1. Dipole of the stretch 724-879 (Lys/Arg Cβ +1, Asp/Glu Cβ -1, origin at the Cα centre): which of 864, 739, 834 lies farthest to the positive side?
2. Before anything else, pin down the relative contact order of the chain: Cα pairs under 8 Å, at least 6 apart, normalised by residue count, whole percent.
3. Using a Cα-Cα cut-off of under 20 Å, which aspartates and glutamates could be cross-linked to residue 391, ignoring same-chain neighbours fewer than 8 residues away?
4. Could you point to the residue in 479, 550, 617 farthest towards the positive end of the chain's charge dipole, with +1 and -1 charges on the Cβ of Lys/Arg and Asp/Glu respectively?
5. Label 7 Å along Cα→Cβ of residue 470; the stretch 519-553 residues with amide nitrogen under 19 Å?
6. Per-residue counts of other Cβ atoms within 10 Å, averaged by peptide: what ranking do you get for 723-735, 792-804, highest first?
7. My understanding is that a pair violates if its Cα-Cα distance is over 21 Å; which of 556/654; 373/421; 556/709; 199/383 do that in this structure?
8. Take residue 61 and residue 569, extend 7 Å from each Cα along the Cα→Cβ direction, and tell me the distance between the two endpoints in nm.
Amino acid sequence: MKIGIANQIIAALFFFIQIGCCRSFAQTTISGKVVDERGTVIPNANVAIINKNNTISAFTFSANDGSFTLKTALAVDTLTIKATRLGFEPGLFLLPNKSQATQLVLKESALKLQELTVKAPPVILRKDTIDYQVSAFKAEGDRTIADVIKRMPGIEIKDNGQILYQGNPIGKYYINGLDLLEGRYNLANENLPADAVRKVQVMENDQPIKILKSKVFSESASLNIQLKKVTTTGSAKAGIGLSPALWDANLTPMLFNRSFQAITSLQSNNVGTDLSRQLDVLTQSSQTRIPGPVLSIQSLNTPNTSPDRWLDNRSHLASFNLIKKTKNQTELKLGLGVRDEMQQQAGRNYTRLLTPGGVVEIDERIANRSDAKVLNGNLVVEKNTERLFLKNNASGQFGQIDGTGGLSRNLLQTNQDLTTKQTQLQNSLAIITHAGKQLLNIHSQTAFNRRPETLTIQPGVFPSLFNAGKDFQSISQNIRTTELDTRNTISITRQFSRIAFTPSAGLNFRNHQFESAIHTSAGDSIRMHDNAFRNDLKYTHLAPFAQIGSYYESSKWQIELSLPLRMHAFSISDFIKDSLQKRTQLAFEPSLTARYRITEYTDFTSGASYSYDFGNPSQVYSGFILRSYRNIQKMYGAIPVNRILTGRIGINYKNPLSLIFLNLAGSLMRINHNLQYRTGIDSTGAAELTFIRNNNIQLSKNIHLGIGKYFGGIKTSIKLNSDAGFTRSEQILTDRRVTIRNGNYRVGLSASTLFTSYLGIELSAISHFLQSRVANQRSKTSGISQLQLGVDVYPANAHALRLDAEHYATRGSANQNQFYLNLRYRYTFGKRKIDLEIRGMNLTNAQNYVSIINSTFTTAESGFQLRPRQVMMSVRIPF
C-alpha cells in the first residue's frame, strides 16, 4: 500500500468528523428540576425521553438538588418526558421540541409495594464518568476483575495487561478512589476476585491533581474499581502437573477499607505464567525513564499469544504494597517487590534483509537462557486536596541478569554470554499550593543509573575488523554506563475567568559517562584493541527553559496551549580522541491540544506540536560497539538534531443507552534528521552501522479505529479494533541511497456471549500483515492470522467445562498452519466457592509458533518452540 492511500483515509476521517459536527446543531436541550407537589426537590429520579415505539432516546438521573439535563436530536414536534422515582407515581410530560427549562412534578404513590426488583442499566453516564455494572458483564467462569473488564465496550486489555479506554492508555488505576499501586495495576487486575467488585468506573479527561482541576487539561482517562463493601479478599491457589513436573502457587491476600489498603502476593510457577509483568508500571510515570541495555544476545521474536503457550520458566515473586490515608488527607504508600526468574527459549530465526542488490537470508537455530534477580521498592508521601498537592516518590531498583545463548548457523556453533547489572535510584518531588491568588508549582526529579554490561562471543566474529581476516577464539565487549539526570521546574498559575495562564521556568541537567573496550583472544594471547574500538566519553546536557502555558475551559471546549523556549547546551569530552565538542541550540517547541464536546455522547480531539530530539548519549560515541554477534556499530560522534512535527485528530462517541462506543483517530509525524544511517551488510548478513552528516526525512502515518457494542438482552459484547501504519525513511544501504517504505496493518474482531445459563462462547479473530519496499525491491507480503474460540458449558450447578481452541496461520517464507487445544474442568463447592480444576494444555501437542516482525529493511521470522502437552490439577480458595 502506498503512502498516498493514507492521505485518502485521513481525508475520510476529516469528512466523518465534519458530519458529526453538522449533526450536533439539531440538538434539543431539556433542563429543569424534579419536585413533589409541595415543591420539595426529588433526587435520583429517572428522567427519560421516550420515542413513539416506547424506546428510550435519552435518560439521566436527577442530582441531589433535583436538577437534570437531557439532550436529544429526535425529529419530532413534541417530546414525551417520563419521570419515575420509588414512592412516586410515574409522570408523563409533553413538551414542544425546543430547548427549554421546565419543572416536572410527581405525585406521591398511595400503592403498597409487595415486591420490587430494581436492575441498574449495564452502563450509566454521569457527566464525564461512566459506570460499568460488573454484574451485567460477568460470566459464570470469570474469577478476576480482568476477566470481566475485557468484555466491557470501549475498554481493551493489551497482551501485557495495559488497559486502554477508547484506544488510549488509562492514566490512573484506583481501588475505591485510592491509587495503591502507582501504575503497577496488573497485580490487582489479575488477582482481585470479580465477586468483590460492584462496578468499574471510567473518568474521562480526569485531572488527578485536585488543585489543578479546570486549570490544567488532561487527555487521560482514569479507572476506578469500586468494591461491594469494605472487605478482606484475595485468593490462594496451588497446582501440580506432569510432563515435566509442574507447579503453580499463588497466595494473594488483600485488605481494603476506607483509609487503609494492602495487597501482599507470593507467587511461584513453571507453567508459563510471566510474573515480571506483575511489577511493570503501565501508566505514565513521573519517574525518569532509564534507557535500556546496549548489548544483547541474539534472541527469538516473542510470540503474539499467551505466555503459557510458549514460556519455559521457573519464576518466583514476592510483592507487598500498602497505602494509609491519615485524617489530614495525607497518603503514605509503600511498595516492595522481589523477582527471581529463569526463562528459556528455543527455536529458529529466519531473517530476510532487503537490499538494493537483492535479498540476504540468515537462518539461525537458537537456544537461550536468562536468569534474572531483581529487587525494587518505592516509598510515596502524598497529600492531594483542593488547597495543596504534595507528593514525594522515592524508588530504587537493583538487579542482575545473566544470559547465555547457543546459536547454530551453517553448521557453525556460536556461544554467547551476557551479564548486565543494574542500579537505579530516583526521587520525584511535586508541590502545588496557593500563593495569594496564584498557584505555585514546584517540581523536581533526580535519577541515578549505573549499568555495567559484558558480552562474550565464541568463536570471534567480524574477523576482518579484529584479526586481519583470520579466525580467532573469542571476543568480549565491556561497557560501563553511569548517569545522573535532574529536572527542575517552578511555575505560577493564575486564573482569569475561564482562562488559566501558567508561566514557568526550569533547569534540566544530565551527566552521562560511557566507557567501553573490546578484547579478543587468539591462541594464548588476549588483546585489548586500539582506540578505534574503545570509548571513554563524558556527555553533559544543560537545558534552561522558560514557558508560557494557557488553558481554556467552557461547557464545550477544552484548549491547552504551551509555548516553551529552551536553550540546549551540550559538552562532549572524548578522552580517547582527546577532543572536546560543544554545541548550543535554541529550541522553540509549541504544542496545542483541544477537545470539543459536540454532543453529550460525542467529542472531537486534536493536537499539534513541534519539538526537538537530540538523541541519547549512546548515539554520540565514536568507537566501535559490538552490540550482538552480527551487529557492530560506530556512530559519527556528532550530536543528532531531530526536528519533529506531529499532528493528530480523533473523534470519540459513547452512548450508554445503545451501549455503543466508537473511537477513530489519525496521526502524522514528520522528522527531519541531520544524521543518516549508513548500513553495510556482507554476504553472511553481518551488519556494520555508522552515521554520516546528511539531512533526511522520515514520515509516519497511523490510523486507528475501535468499535465496541454490548447487547444487554443476550449478554453479548462485540469489539472491533484495527490499525494501519505507514513509514517512509531514507538511508544509505550497501553504499546506495535508498528510500525505505514499510506498511503494517492489523484488524481484530472479538465477541463474547452468554446464550443461556448453560452455555457461553468467546470468539476472537486477528490478522496482521507486513510489507516492505527498499528502492525497487519489494518484499513478499507476510502476515499472521489467528482464530480463537472459547466455549463454556455449565451442565449442572457447580460444574463447568471450558474448551479453548486456537488456529494460527502464518504467511512468510513458507505457509504454516497450527492448531492448539486446551480443556478445563472446574468443580466449585462450599460456602467459600472453592474451585477444584483439572486442565489439559496443548492437547494437540503443537510444536512451533511462527511470529513475524518487520522493521525498515528487515523481516524476521521466528519459529518458537512451544510447551509440550501437559496436565495439571489445582485448587483455588477465595478469601
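Since every read-out is calculated from the coordinates, none of them should be taken as a lab result. Everything quoted here is computed from the prediction, not taken from an experiment. Here the Cβ is made from the backbone with ideal geometry for all residues, glycine too, and neighbour counts use every protein chain on show.
1. 739
2. 9
3. Residue 391 reaches 179, 182, 206, 331, 382, 485.
4. 550
5. Zone members listed by number: 519-530.
6. 723-735, 792-804
7. Listed pairs above 21 Å: 556/709; 199/383.
8. 5.9
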